[in-house]
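Trainee: Okay, here's the structure, questions in a sec.
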Amino acid sequence: GKTGSITLTASASLFAASDVGRLVRIKIGSNWSWGEITAFTSATVVSFTVKGAALGGTTATTDWRLGAFYANN
């Protein structure tokens, strides 16, 4: 999906249960957007709600950033 609730899948173990509520900035295609991790499934899969502009597609990307200012860092 490009908007609303989607699944983010990482190619390596990246996520922790404590990341729920953490913001993520992501770029797919030419569009930067952002959203919030809403549920933890595994170290490679989380549920994510797009809160910014619609994502530019559903392809894999290396252009993303986990929010740096987060209580559980």
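The values are calculated or read from the model by the stated rules, or taken from the named source; none is laboratory data. Fair warning: this is a prediction, and the values are worked out from it, not measured in the lab. So basically every Cβ, Gly included, is an ideal-geometry build from the backbone, and we count neighbours across all protein chains shown. For the accessible areas, the whole protein counts, side chains as well, though only heavy atoms, and no ligand, DNA or RNA atoms are used. Shrake-Rupley method; radii C 1.70, N 1.55, O 1.52, S 1.80 Å.
Trainee: So, for the chain, what is the accessible surface per residue at a probe of 1.4 Å, expressed in square angstrom?
Mentor: Roughly 60 Å² per residue, with all protein chains present.
Trainee: Remind me, relative contact order of the chain in percent, using alpha carbon pairs under 8 angstrom and six or more residues apart? Numbers along the way, then the final one.
Mentor: Values: 160 pairs, mean separation 28.0, N = 73.
Relative contact order for the chain comes out at 38 percent.
Trainee: Counting Lys and Arg as +1 and Asp and Glu as -1, each charge on the Cβ, what is the dipole of the chain about the Cα centre in debye, to the nearest 20? Could the numbers behind the result be given before it?
Mentor: Details: 6 positive and 3 negative charges, 30 e Å.
The calculated dipole for the chain is roughly 140 debye.
Trainee: Still on this structure, I have one more. DSSP loop chymotrypsin sites (Phe, Trp or Tyr not before Pro) in the chain with at most 15 other Cβ atoms within 10 Å of their Cβ, which ones? Write out the running numbers ahead of the final one.
Mentor: Details: sites: PHE15, TRP32, TRP34, PHE40, PHE48, TRP64, PHE69, TYR70; in loops: PHE15, PHE69, TYR70.
Within the chain, the qualifying chymotrypsin sites (Phe, Trp or Tyr not before Pro) (loop, at most 15 other Cβ atoms within 10 Å) are PHE69, TYR70.
Trainee: Return, for the Cα atoms of the chain, the radius of gyration and Dmax in Å, separated by a comma.
Mentor: Answer for the chain, Rg first and Dmax second: 11.2, 31 Å.
Trainee: Still on this model: Can you give the FRET efficiency for ARG65 and THR41, using 1/(1 + (r/R0)^6), R0 = 30 Å, r = Cβ-Cβ distance, to the nearest 0.05? Walk me through the numbers on the way to the answer.
Mentor: Values: r = 21 Å, r/R0 = 0.69.
The calculated FRET efficiency here is 0.90.
Trainee: Roll a 1.4 angstrom probe over the protein heavy atoms and tell me the percent of accessible area of the chain that is carbon or sulfur.
Mentor: Numbers: 2310 of 4350 Å².
It is 53 percent, rounded to a whole number.
Trainee: How many percent of DSSP beta bridges within the chain run antiparallel, rounded to 5?
Mentor: Values: 21 of 21 bridges.
Restricted to the chain, the bridges split so that about 100 percent are antiparallel.
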